[in-house]
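To start, the structure itself, in structure tokens.
The values are calculated or read from the model by the stated rules, or taken from the named source; none is laboratory data. As the structure is a computational prediction, the values presented were derived from the model and not from experiment. Note: ideal-geometry Cβ built from the backbone for every residue, glycine included; neighbour counts use all protein chains shown. Please note that ligands, DNA and RNA were not included when accessible areas were found on the heavy atoms of the full protein model with its side chains. Shrake-Rupley method; radii C 1.70, N 1.55, O 1.52, S 1.80 Å.
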Amino acid sequence: MYLYEILLISDPRLTDEEVGQLLTRLQESVKELGAEVRAVDNWGKRRLAYDIKKQREGNYAVLELSAEPATLKEFERQLKLNESVLRFFSARVPARKRARS
């Protein structure tokens, strides 16, 4: 299993409670796929550098998880289908950084 960080930008029209529910649902779905969620960091609402789907702001969150590459690919497919998620970016954490944290 590899360590990944996924940056999510969700719809700014969601309330704080709805963002929390979205993150909980995403955690549950990734656990069902066989990954382990290590941390969730909700950064809150921030201004975007450019408009995405006619939105100037977005709710940012970072998920840190351990997963196999096939599991991550399926989770990314699910994120693309989720209308509440404007954008996401996933990156594998290098072994050097993993050893320090």
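The table below gives the values:
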quantity	calculated
Checking residue 61 against (1) at pLDDT 95 or above; (2) in a loop (DSSP other than H, G, I, E, B); (3) of a type in the set (Gly, Ala, Ser), the condition it does not meet	(2)
Some residue of the stretch 43-58 being within 19 Å of residue 30 (Cβ to Cβ), part of a strand (DSSP E or B) and charged (D, E, K, R)	no
Subset of the stretch 1-24 [open to solvent by less than 70 Å² (accessible area, probe 1.4 Å) and assigned to a helix (DSSP H, G or I)]	19, 20, 22, 23, 24
Search result, residues across the stretch 77-87 that are surrounded by 13 or more Cβ atoms within 10 Å (Cβ to Cβ) and either more than 13 Å from the chain's Cα centre (by Cα) or not in a strand (DSSP E or B) (or both)	78, 79, 82, 84
Condition broken by residue 27, with the remaining ones in (1) in contact with a strand residue (DSSP E or B) (Cβ under 6 Å, 6 or more places away or on another chain); (2) open to solvent by 30 Å² or more (accessible area, probe 1.4 Å); (3) in a strand (DSSP E or B) satisfied	(3)
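For every residue, the table says whether it meets (1) open to solvent by 80 Å² or more (accessible area, probe 1.4 Å); (2) without any contact (Cβ under 8 Å) to a residue 40 or more places away in the chain.
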site: 36; (1), (2): yes, yes
site: 40; (1), (2): no, yes
site: 50; (1), (2): yes, yes
site: 60; (1), (2): no, no
site: 69; (1), (2): no, no
site: 90; (1), (2): no, no
site: 95; (1), (2): no, yes
